[in-house]
Amino acid sequence: MTTTTVGEAIGAAETRRRAQRRTALWLITPGVLWMTLFLVLPILMMVYVSFWTQTTFTIEPTLTVKSWVTFFSSDTYLTALWTTVRIWLTVLVATLVVGYPTALFVGLFVRNKTLQTALLVLCVIPFWTSFLIRVLAWRPMLGKEGAINLILQGLGLVDQPIEALLFSELSVVIGMTQIYCVFMVGPIAFMLGRIDPNVIEAARDLGAGFGRIFRTIILPMSMPGVVVGAIFVSVMVLGEFATSAALSGRKVNLLGNIIVTQVGSLKWAFAAVVGVVLTIVMGAVVAGLLRVVDLRKEL
């Protein structure tokens, strides 16, 4: 091959690379514009508004840190922050405890694809009704004369109705766990369904029991699904306000409830402060979960 031919080949390769870069740039441009307009700019605007001066019924674009000082100097708001984090952790663990065995059964033990799909659709059926109906449906279940108390008393497990089942933090956790569990089941079942049955059979042939197979094969290969499910559940639980208001009788105050209250009182600057704090918490949670597994390699 002559020098001219080599130079032409290098030039042609460089031209192809430039064309590929231009194509990639055009493909990602709509997504970048969308994220910039509807995610980045709103967050930046919320941060900016959080420093505005709040008057009785309006806000003025005079920068001040008064709203931030109010938030971090108030036991009420710091308690709401801690309550939000505590309920998030509790619901996350609860959805994992309930969702992982369900996903294990659907994704690993049920090999019929039609039956798998039917079972996953069964998990999604509650979402065919209104969110508010699904939340309020727990009230007759958890009340003093509700189904759960009647069953416990009928079995002789309790003498008196358990009042803590409703209008408490426990009722909020139960409601959120039921509502968001499906978001944990789906990703885990998807990852478990990708496991080659021959790998598990080979491990059995080599004498490995189910416990060892689970620790060395099933759990590591399902971790991307666990992380994705945990991100879904975390983002939705941290932003919750309706479930806590309906099932706790407004006794459980989350950051989402504070935002709704402040917006209703036309205190936009303080609502923006709480929104920024909640966004930071969400970002830290998602960043921490993404460090557990490199999803770009696993998915």
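The values are calculated or read from the model by the stated rules, or taken from the named source; none is laboratory data. Every value quoted in this text rests on a predicted model; they were computed, and no experiment measured them. Positions of Cβ are generated from backbone atoms using ideal geometry, with glycine treated the same way; all protein chains shown enter the neighbour counts. Quick note on the areas: whole protein, heavy atoms, side chains included, nothing else; ligands and nucleic acids left out. Shrake-Rupley method; radii C 1.70, N 1.55, O 1.52, S 1.80 Å.
Listed values, structure above:
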read-out	value
Of all residues in segment 131-144 being outside any helix (DSSP H, G or I) and out of contact with any Pro (no Cβ under 7 Å at 6 or more places or on another chain), the one that is modelled with the lowest pLDDT	Gly143
Residue match in segment 165-178 (condition: open to solvent by less than 70 Å² (accessible area, probe 1.4 Å), of a type in the set (S, T, N, Q) and either outside the structural domain of Asn253 (by the TED database) or out of contact with any Ser or Thr (no Cβ under 8 Å at 6 or more places or on another chain) (or both))	no
Counted residues, segment 13-27 - those being open to solvent by 100 Å² or more (accessible area, probe 1.4 Å) and among the hydrophobic types (A, V, I, L, M, F, W, C)	3
Among (1) part of a helix (DSSP H, G or I); (2) over 30 Å from Ser222 (Cα atoms); (3) in contact with a Ser or Thr (Cβ under 7 Å, 6 or more places away or on another chain); (4) open to solvent by less than 50 Å² (accessible area, probe 1.4 Å) - the single one Thr95 does not satisfy	(2)
Residue list for segment 182-192, restricted to those being open to solvent by 20 Å² or more (accessible area, probe 1.4 Å) and of a type in the set (A, V, I, L, M, F, W, C)	Val182, Phe183, Phe190
Test: Trp68 is touching a helix residue (DSSP H, G or I) at 6+ places or on another chain (Cβ under 6 Å), open to solvent by less than 80 Å² (accessible area, probe 1.4 Å) and either under 21 Å from Leu238 (Cα atoms) or among the acidic types (Asp, Glu) (or both)	yes
Conditions (1) out of contact with any Leu (no Cβ under 7 Å at 6 or more places or on another chain); (2) open to solvent by 50 Å² or more (accessible area, probe 1.4 Å): number failed by Ile200	(2)
Test set (1) open to solvent by less than 40 Å² (accessible area, probe 1.4 Å); (2) part of a helix (DSSP H, G or I); (3) farther than 19 Å from Leu92 by Cα; (4) β-branched (Val, Ile, Thr) - Ile125 fails condition number	(1)
Test: Arg134 is of a type in the set (Lys, Arg), open to solvent by less than 70 Å² (accessible area, probe 1.4 Å), under 28 Å from Leu255 (Cα atoms) and in the same structural domain as Ala284 (by the TED database)	yes
Of all residues making up segment 99-122, the number that are under 24 Å from the mean Cα position of the chain (by Cα) and open to solvent by 70 Å² or more (accessible area, probe 1.4 Å)	4
Out of Gly256, Gly229, sole residue that is buried (at least 22 other Cβ atoms within 10 Å of the Cβ), of a type outside the set (D, E, K, R), within 19 Å of Val91 (Cα to Cα) and out of contact with any Gly (no Cβ under 6 Å at 6 or more places or on another chain)	Gly229
Selection status of Phe214, aromatic (Phe, Trp, Tyr), crowded, with 21+ Cβ neighbours inside 10 Å and in a helix (DSSP H, G or I)	no
Output for segment 251-269, where each listed residue is touching a Lys or Arg at 6+ places or on another chain (Cβ under 9 Å) and more than 17 Å from Thr83 (Cα to Cα)	Ala269
Test: residue in segment 238-245 that is open to solvent by 50 Å² or more (accessible area, probe 1.4 Å) and either of a type in the set (Asp, Glu) or in contact (Cβ under 8 Å) with a residue 40 or more places away in the chain (or both)	no
